[in-house]
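Written out below as structure tokens is the structure these notes cover.
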Amino acid sequence: MELKNIFKNSSFDTLDRNKELLEEHDLLNIMGSPNKVFLKFLKAKNIDINEDEITEELIEEFEGSVDSINHRLASIRRQKEIIFTERKVWINIREDDKTIGTDLILHHDRITIDKTDLEIPYSEMIEIEIDEGSWSKKTFKITTADDDEIIFEINENNAVPLKEILEDNIENQDYDEIDALLELQNLFEQGEISAEELEARKAVIYSDDVYCTNCGAKIDPDSVFCPDCGREVLD
């Protein structure tokens with residue numbers, strides 16, 4: 001439904017302001033209609049958007065809501081599926097003086113080697129090198145931040161493409177609240193935190209509020225000491 005039909009009782013000025021604000025906060029879909037989760041939020045608050053003007057305060061409240069966080073998390077996960085290349089590549093590794101074939105699996109945030117369960121986050125990869133290997137193979141070496149070296153052989157036709165994919169995946173890593181939200185979701189799916197704790201911790205991550213690292217009390221961002229326990233606030 002077009003925006004003008006949703007805000008059908010609004011003045012042209014109000015319609016323009018609403019549209020500008022929704023666009024600024026990425027709350028319009030490609031067809032120009034308001035985000036369905038946002039409309040659900042407005043309905044729950046008994047706000048008649050046919051007549052009322054959308055405000056920054058209202059959108060801020062929505063962006064801190066559980067529905068908004070869950071919607072954003074799902075959207076980001078879909079985006080990561082597009083941004084990052086996830087696939088399996090057959091490699092040969094040396095183990096106990098034997099050559100073993102196994103899958104190297106590329107995830108959005110790490111690689112794993114199937115038969116050894118070795119995991120290496122992209123954030124720990126410092127250098128990737130390709131050298132000559134045995135017949136029709138290339139030697140592939142990944143150096144980590146701890147100076148560990150992961151060495152394996154790969155079909156020469158797959159060596160350069162794999163290096164390029166790894167470099168792209170490393171470059172596309174980001175470390176903002178998106179990754180923290182994904183990590184929390186994984187903890188929940190693994191049964192390590194409850195649904196209630198998941199929602200509470202997501203709300204803390206998504207908000208700009210500051211909490212004491214000692215007692216957990218909410219504190220003013222400009223405070224030097226926690227008003228509850230007196231612990232110094234660290235940057």
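Using 7 Å Cα-to-Cβ label points, what is the C229/I128 separation (nm, one decimal)?
Using points 7 Å along Cα→Cβ, the separation is 4.2 nm.
Quick one: Karplus J couplings for region 223-231, per residue in order, coefficients 6.51, -1.76, 1.60, θ = phi - 60°, nearest Hz, x for Gly and Pro?
Each residue's phi maps through the Karplus curve to give 5, 8, 10, 5, x, 8, 10, x, 5 Hz.
How far is it, in nm, from the label point at E60 to the one at D13 when both lie 7 Å from their Cα along the line to the Cβ?
The two pseudo-label positions are separated by 2.4 nm.
What FRET efficiency comes out for the pair T143/E164, r = Cβ-Cβ distance, R0 = 22 Å, nearest 0.05?
Numbers: r = 17 Å, r/R0 = 0.79.
E between T143 and E164, to the nearest 0.05, is 0.80.
Please report Rg over Rh for region 93-205, where both radii come from the alpha carbon positions and Rh follows the Kirkwood definition. Mind dumping the intermediate values first?
Numbers: Rg = 17.3 Å, Rh = 16.1 Å.
Looking at region 93-205, the ratio lands at 1.08.
Can you pick out the pairs among K163/K202; K45/K218; K98/K163; K36/K88 whose Cα atoms lie more than 31 Å from each other?
Working: K163/K202 35 Å; K45/K218 26 Å; K98/K163 25 Å; K36/K88 36 Å.
From K163/K202; K45/K218; K98/K163; K36/K88, over 31 Å: K163/K202; K36/K88.
How would you rank 154-167, 96-109, highest first, on the average number of other Cβ atoms within 10 Å across their residues? List each step's numbers first, then the result.
Working: 154-167: 15.8, 96-109: 13.8.
Put in order of decreasing packing, that is 154-167, 96-109.
Expressed as a rounded percentage, what relative contact order does region 56-197 have, with Cα pairs under 8 Å and six or more residues apart? It would help to have the intermediate numbers written out before the result.
Values: 171 pairs, mean separation 24.2, N = 142.
It rounds to 17 percent for region 56-197.
Rule-based calculations on the coordinates, nothing more; no lab input. Everything numeric in this text was worked out from a predicted model, so none of it was measured. Cβ atoms come from the backbone with ideal geometry, glycine included; neighbour counts cover every protein chain shown.
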